[in-house]
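Novice: The structure is given below, and queries will be raised subsequently.
The values are calculated or read from the model by the stated rules, or taken from the named source; none is laboratory data. Remember, it's a predicted structure, so these values are computed and weren't measured experimentally. Here the Cβ positions follow ideal geometry from the backbone for every residue, glycine too, while neighbour counts run over all protein chains shown.
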Amino acid sequence: MKVILTADHAGMTIRNEVISLLEEKGIEYEDTGCDCSSSVDYPDYALPAAKRVASGEFDRGIFICGTGIGMSIAANKVKGIRCALTHDVYSAKLTRQHNDSNVLALGERVVGPGLAREIVNVWLETEFEAGRHANRIGKIATYESDSE
Ligand code: RB5
């Protein structure tokens, strides 16, 4: 699995926690987050990273900002992205099983690094159940194509 990680200036601590988890798990990743020496705009990080997931260059994305909301709104504008803003372990598991989410958004001002680590770990480990859920996400893909 190849993961792209990105973050704005408000996501530094969780970003470092995620890097440590990815390295422990031996997962290949690229970090495109800001240098964080000043305030930046989250769409400048979310949109290019989301495009690289949508293109197939990366299997998954993990996007971090203050609340996770800006990153998730921006990511979900990119065709083919199913970004889940998730701050609990149950939702992290279910969004993989039911939604086949390919991007996870997290807010550093909402959850601490320990919980963020558990959320990311479960999200990375959980498989999509497909079946009736594949039909449902297929309807979203059809909507995206019809809207072009
Ligand atoms: C930055 O202050 C903050 O607005 C950003 O990180 C994010 O929370 C936006 O949704």
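Novice: Can you tell me how many residues within the stretch 70-99 are charged (D, E, K, R) and within 19 Å of residue 133 (Cα to Cα)?
Specialist: 4
Novice: Sort through 41, 100 and tell me the only one that's at negative phi and not hydroxyl-bearing (Ser, Thr, Tyr).
Specialist: None of the others qualify; the one that does is 41.
Novice: Criterion first (of a type in the set (Lys, Arg) and more than 13 Å from the chain's Cα centre (by Cα)) does residue 25 satisfy it?
Specialist: So residue 25 fits the description; yes.
Novice: I want to confirm something. Restricting to the stretch 45-69 and keeping residues that are hydrophobic (A, V, I, L, M, F, W, C) and in a strand (DSSP E or B), which single residue is farthest from residue 130 (Cα to Cα)?
Specialist: 65
Novice: Select from the stretch 35-67 the residues that are at pLDDT below 95 and farther than 16 Å from residue 108 by Cα and list them in ascending order.
Specialist: Across the stretch 35-67, the qualifying residues are 35, 37, 38.
Novice: Could you check the stretch 102-118 and list, in sequence order, the residues that are away from the ligand (no atom under 15 Å from the Cβ), in a loop (DSSP other than H, G, I, E, B) and in contact with a helix residue (DSSP H, G or I) (Cβ under 6 Å, 6 or more places away or on another chain)?
Specialist: 102
Novice: Let me ask something else about it. Name the pairs: first residue in the stretch 125-141 and surrounded by 12 or more Cβ atoms within 10 Å (Cβ to Cβ), second residue in a loop (DSSP other than H, G, I, E, B) and of a type in the set (A, V, I, L, M, F, W, C), Cβ to Cβ under 6 Å, at least 6 apart or on different chains?
Specialist: No pair meets every condition.
Novice: What number of residues within the stretch 56-101 are of a type in the set (Phe, Trp, Tyr), away from the ligand (no atom under 15 Å from the Cβ) and surrounded by 21 or more Cβ atoms within 10 Å (Cβ to Cβ)?
Specialist: 1
Novice: Still on this structure: Looking at the stretch 3-21, which of its residues are hydrophobic (A, V, I, L, M, F, W, C), more than 18 Å from residue 42 (Cβ to Cβ) and surrounded by fewer than 20 Cβ atoms within 10 Å (Cβ to Cβ)?
Specialist: Result: 19, 21.
Novice: I've got another one for you. What about residue 129, is it of a type outside the set (Val, Ile, Thr) and over 22 Å from residue 32 (Cβ atoms)? Please lay out each step first, then the result.
Specialist: Details: of a type outside the set (Val, Ile, Thr): yes; over 22 Å from residue 32 (Cβ atoms): yes.
Criteria met by residue 129.
Novice: While we're looking at this one, here's another question. Could you list, in sequence order, the residues of the stretch 1-42 that are aliphatic (A, V, I, L, M), closer than 15 Å to residue 125 by Cα and away from the ligand (no atom under 16 Å from the Cβ)?
Specialist: Those that are aliphatic (A, V, I, L, M), closer than 15 Å to residue 125 by Cα and away from the ligand (no atom under 16 Å from the Cβ): 1, 3, 21, 22, 27.
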